[in-house]
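The values are calculated or read from the model by the stated rules, or taken from the named source; none is laboratory data. Remember, it's a predicted structure, so these values are computed and weren't measured experimentally. Here the Cβ is made from the backbone with ideal geometry for all residues, glycine too, and neighbour counts use every protein chain on show. Only protein heavy atoms, including side chains, enter the accessible area calculation; ligands, DNA and RNA are left aside. Shrake-Rupley method; radii C 1.70, N 1.55, O 1.52, S 1.80 Å.
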Amino acid sequence: VFKYAPPTGFLAVCSGNLPISDDIDPAQTDDDIPQKNFNTVIWTGDGQDNRSVSGVGFKPDLLWGKVRSTTNGSFLFDSNRGSNRLRSNTTNGDIDFSSYWSQFDSDGWTYGSNSASQNANGETFVGWCWKANGGTTPSNSDGDITSTVQANTKAGFSICTYTANGSANQTWGHGLSAKPDFIIVKKRSATSSWTVYHSSLGATKFMYLNSSNNVNTGSEMWNDTEPTSSLVTVNNNGNTNDPNGATFVSYVWHNVEGMQKFGSYEGNGNADGPFIYTGFRPKMIFLKSVDSASGDWIVVDTTRSTFNVT
């Protein structure tokens, strides 16, 4: 309560007055809220066939999971690729997992036969889940390469698949309404690294999701060309536009106030580290050192760590 009315153009310092995108419902009365577009779930494997995992709060289109109790690798399923599985810690392409994967459900997903890597008895798992467009995958002909895209424009996330033509300086449409801030590209039909674009580094830089190495500099991935509100530009490197007509999948995000934020910060080396402003309390933090010789990709979330200090 103010004793005097605040000056015109000023508001009280409180969470209710933080900026939020018009696409995200501030009253949280419908599905256009962060909790209905991203969530983290944990489960314990039971080793049984037809196991369902629930509690997501919506029907996911991308599941990025990891066993927590062992060093086994990660796994990615999405509703563009169906039952094919990728692992973000390896260079392997798509693996047919139709014997072990059934479907995405209204509140999670269902496995088929018992999967030792995703439902092993007694093992604990985590899954990070994003909503795209419910598996609806129209063609996008905005660029030189036709892509198959399902986009969640309000939450700033899309899943894109395309077949490379091998030519330099090619574009494909990502289906969103703003310039992407984070792009991951992976060849599906053969081995390749997971190539990453981040807006704070720019299109002259790229990282590999499956590597702890430092940032790379060169035009071979993004042709030194920033993505636009409709297109991603790739060169003719085998990791983003293989000359042999390979198939690819890409996951694309952009900043949405009150929903997700991509940026950078400078560490200070102290136990009391820097404060990084996001505009909301994150459910997940995904980070990587970019100027040291090497540094692991790190994921923190509020489902596995439920209180501060996380």
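Taking region 17-38 only, how many residues are under 20 Å from Ala178 (Cα atoms) and either open to solvent by less than 70 Å² (accessible area, probe 1.4 Å) or in contact with a His (Cβ under 8 Å, 6 or more places away or on another chain) (or both)? Break it down stepwise before answering.
Taking region 17-38 and keeping what is under 20 Å from Ala178 (Cα atoms), we get 19-25, 32-34, 37-38.
Next cut, either open to solvent by less than 70 Å² (accessible area, probe 1.4 Å) or in contact with a His (Cβ under 8 Å, 6 or more places away or on another chain) (or both) only: 19-21, 23-25, 32-34, 37-38.
Selection size over region 17-38: 11.
Restricting to region 103-125, name every residue that is of a type in the set (Ser, Thr, Tyr) and either over 24 Å from the mean Cα position of the chain (by Cα) or under 21 Å from Phe38 (Cα atoms) (or both). Walk me through how you get there before you give the answer.
Filtering region 103-125 down to residues of a type in the set (Ser, Thr, Tyr) leaves 106, 110-111, 113, 115, 117, 124.
Residues satisfying the conditions are Ser106, Thr110, Tyr111, Ser113, Thr124.
I'm told Gly93 meets every condition in (1) over 20 Å from the mean Cα position of the chain (by Cα); (2) part of a loop (DSSP other than H, G, I, E, B); (3) in contact (Cβ under 8 Å) with a residue 12 or more places away in the chain except one. Can you identify the failing condition by its number?
Unmet condition: (1).
Of everything in region 282-310 that's open to solvent by 80 Å² or more (accessible area, probe 1.4 Å) and in contact with a Ser or Thr (Cβ under 8 Å, 6 or more places away or on another chain), which residue is nearest to Gln35 (Cα to Cα)?
So the residue we want is Arg304.
How about region 117-147: which of its residues are over 28 Å from Ile285 (Cα atoms), of a type outside the set (Gly, Ala, Ser) and crowded, with 19+ Cβ neighbours inside 10 Å?
Answer for region 117-147, where residues must be over 28 Å from Ile285 (Cα atoms), of a type outside the set (Gly, Ala, Ser) and crowded, with 19+ Cβ neighbours inside 10 Å: Thr137, Asn140, Ile145.
If I ask for residues that are open to solvent by 30 Å² or more (accessible area, probe 1.4 Å) and touching a residue at least 24 places away in the same chain (Cβ under 8 Å), which ones from region 53-78 would you list? Quick ask: steps written out before the conclusion?
First pass over region 53-78, keeping only residues open to solvent by 30 Å² or more (accessible area, probe 1.4 Å): 54-55, 57, 59, 66, 68-72.
Within region 53-78, Ser54, Gly55, Gly57, Lys59, Lys66, Arg68, Ser69, Thr70, Asn72 qualify.
Return the pairs, sorted by first residue and then second, in which the second residue is acidic (Asp, Glu) and surrounded by 10 or more Cβ atoms within 10 Å (Cβ to Cβ), the first residue lies in region 270-291 and is on the phi < 0 side of the Ramachandran plot and part of a loop (DSSP other than H, G, I, E, B), the beta carbons are less than 7 Å apart, and the residues are 6+ apart or on different chains.
Listed by first residue and then by second, the contacts come to Lys283/Asp301.
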